[in-house]
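Enquirer: Sharing a structure, written as structure tokens. Questions coming.
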Amino acid sequence: MNDFDDVLEAVGPRLRRLRQERGTTLTDLATSTGISISTLSRLESGQRRPTLELLLPLARAHQVQLDELVDAPPTGDPRIHAKPIKRHHGAVAIPLSRRPGGLQAFKQIAPPGWPGSEVNQQTHEGYDWVYVLSGQLRLVLDDQDFILKEGEVAEFDTRVPHWFGNPGPEPVEMLCLFGPQGERLHVRARSR
């Protein structure tokens with residue numbers, strides 16, 4: 001197998017990961033791209049070879065650049081061309097990093113009242129770090145309830161039941177770092 005085959009073989013798992021990260025079903029993706037569910041399923045499982053005709057609408061649907069789908073080699077341009085990702089209930093996430101796996105950085109913006117009044121705590125593998133840039137963020141962490149304001153930060157193991165919401169009258173903007181279990185943010189400061 002050569003490098004070209006390796007690149008093509010990695011496209012399917014990358015497509016599946018992007019779809020799952022966005023909470024999109026194969027049916028939703030088929031509707032938005034015009035590609036059949038069976039073709040999408042075969043692409044994700046590696047049973048169908050990706051073509052430009054299939055990858056272009058998928059890149060558009062996932063709101064990523066085509067080179068992100070195929071993991072194109074770097075061009076020497078260090079800038080990240082962030083494409084906002086629309087989340088549920090009007091929230092928007094802007095990716096600030098491109099490295100697959102490991103720590104992922106996002107700027108998130110959530111409208112007032114997001115995501116609704118019902119607290120629905122969830123758990124998953126990983127570690128979260130959240131810094132509030134503006135507005136207010138409500139964090140319910142197991143049986144503790146916090147209101148984080150501008151300049152405040154929270155860090156926690158996501159295996160602890162948790163929920164986020166915006167209780168304020170204005171949008172909340174936050175920087176978020178999400179990492180796999182055990183990969184935490186390491187803050188180092190020089191003592192005076």
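The numbers here are math on the coordinates, done by the rules we state, and not lab data. Note that the structure is a prediction, hence the values are computed from the model and not measured. Note that each Cβ is placed from the backbone with ideal geometry, even for glycine, and that neighbours are counted across all protein chains shown.
Enquirer: Go through the stretch 14-25 residue by residue and turn each phi into a ³J(HN,Hα) via Karplus (6.51, -1.76, 1.60, θ = phi - 60°); whole Hz please, and just put x for glycine and proline.
Expert: Ordered by residue, 3J(HN,Hα) equals 5, 4, 4, 4, 4, 5, 5, 4, 8, x, 9, 8 Hz.
Enquirer: The stretch 85-179: D in µm²/s via Stokes-Einstein (Kirkwood Rh, Cα pairs, 25 °C, 0.890 mPa s)? All intermediate terms of the calculation are to be shown ahead of the outcome.
Expert: Working: Rh = 13.4 Å.
This corresponds to a translational diffusion coefficient of 183 µm²/s.
Enquirer: Amide H of THR158: which non-local residues (sequence gap of 5 or more, or other chain) have their own amide H closer than 5 Å, using H built in the peptide plane?
Expert: Distant-sequence amide H within range of THR158: GLY126, TYR127, ASP128.
Enquirer: To continue, here is another question. In the stretch 119-137, whose amide N lies under 13 Å from the spot 7 Å out along Cα-to-Cβ of ARG159? List them in ranges.
Expert: Residues 123-127 qualify, since their backbone N sits under 13 Å from the label point.
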